[in-house]
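To keep things clear, I will list the structure first and then write my remarks on it.
The values are calculated or read from the model by the stated rules, or taken from the named source; none is laboratory data. Since the structure is predicted, the reported quantities are computational estimates derived from the model, not experimental observations. Cβ sites come from the backbone with ideal geometry, for glycine too, and all protein chains shown count toward neighbours.
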Amino acid sequence: MLTPRKREFLYDEIISIADEVRSYSISSEEIDQAIKSNVSLNQLEALNFARLIDSLKAEPNRVFLDSPDVISERFGMRVSLFSSRNMHVKGIKKKGQKNEGIIPADSKRISVIAEHKADSVYPVVSSASIIAKVTRDREIERITDHLGIDIGSGYPSDAQTIDAIKDNLANEKFAKFIRQRWKTMQIIRQARMNEFF
């Protein structure tokens, strides 16, 4: 929703006012290994969200998550299970609780609020989304410079990205930056094989 220039400006503003900012980039190799091990992308994200939360110096009383899972509570529960911190997910009842009550907000647990598209609802999640996007933009630029190949945005909807992949399938230097188990990569390989038959 924002231009790269506006994101860069806001990135610096967010960094200047935030108490803590943590980010983690999941490599293509990590994703491939997870998928090979039958770990979904949602599970991998939940694990790394939990690691980031655990790495905070602060003791937050609430955590807001932009759920990639359309069943937001499931994603929130995964994060809380992976985390070493004491958490409860908004909307999840205590086991064995007979009434419809939710775990009280004043408990010693961190409240987890997980929502699909939370970046359009909560400013703190919008800020985290900007941090993530700028970090990704910078990584794409670093890869482009390293390879000397314009890879576009890196998204499957970008024709420049698809052309760069097609033109560099045999380039081992390029391959280390591409998820080999990425559906887009599998489609490109299949199309290339069909050209020979």
Selection count where residues are under 12 Å from the mean Cα position of the chain (by Cα) and outside any loop (DSSP other than H, G, I, E, B), scope the stretch 51-74
4
Top-ranked residue in the stretch 137-186 [being of a type in the set (A, V, I, L, M) and not in a helix (DSSP H, G or I); ranked as nearest to residue 9 (Cα to Cα)]
151
Residue among 102, 143, 92, 162 that is at pLDDT below 95, of a type in the set (A, V, I, L, M, F, W, C) and under 20 Å from the mean Cα position of the chain (by Cα):
143
Looking at residue 127, is it surrounded by 13 or more Cβ atoms within 10 Å (Cβ to Cβ) and either among the hydroxyl-bearing types (Ser, Thr, Tyr) or touching a strand residue (DSSP E or B) at 6+ places or on another chain (Cβ under 6 Å) (or both)?
yes
Cβ-Cβ distance below 9 Å, separation of 6 or more or different chains: which pairs start in the stretch 42-66 with a residue that is in contact (Cβ under 8 Å) with a residue 12 or more places away in the chain and acidic (Asp, Glu) and end on one that is assigned to a loop (DSSP other than H, G, I, E, B) and buried (at least 20 other Cβ atoms within 10 Å of the Cβ)?
45/69; 54/83
Filtered residues of the stretch 8-41 (kept if in contact (Cβ under 8 Å) with a residue 60 or more places away in the chain, of a type in the set (Val, Ile, Thr) and in a loop (DSSP other than H, G, I, E, B))
21
Restricting to the stretch 1-23, count the residues that are aromatic (Phe, Trp, Tyr) and under 19 Å from residue 49 (Cα atoms).
0
Tell me whether the stretch 109-128 contains one or more residues that are in contact with a Ser or Thr (Cβ under 9 Å, 6 or more places away or on another chain), in a helix (DSSP H, G or I), free of Cβ contacts under 8 Å to residues at least 12 places away in the same chain and assigned by TED's automatic domain parsing to the domain that holds residue 53.
yes
Filtering the stretch 16-50 down to residues that are under 29 Å from residue 109 (Cβ atoms) and over 13 Å from the mean Cα position of the chain (by Cα), which residue is surrounded by the most Cβ atoms within 10 Å (Cβ to Cβ)?
34
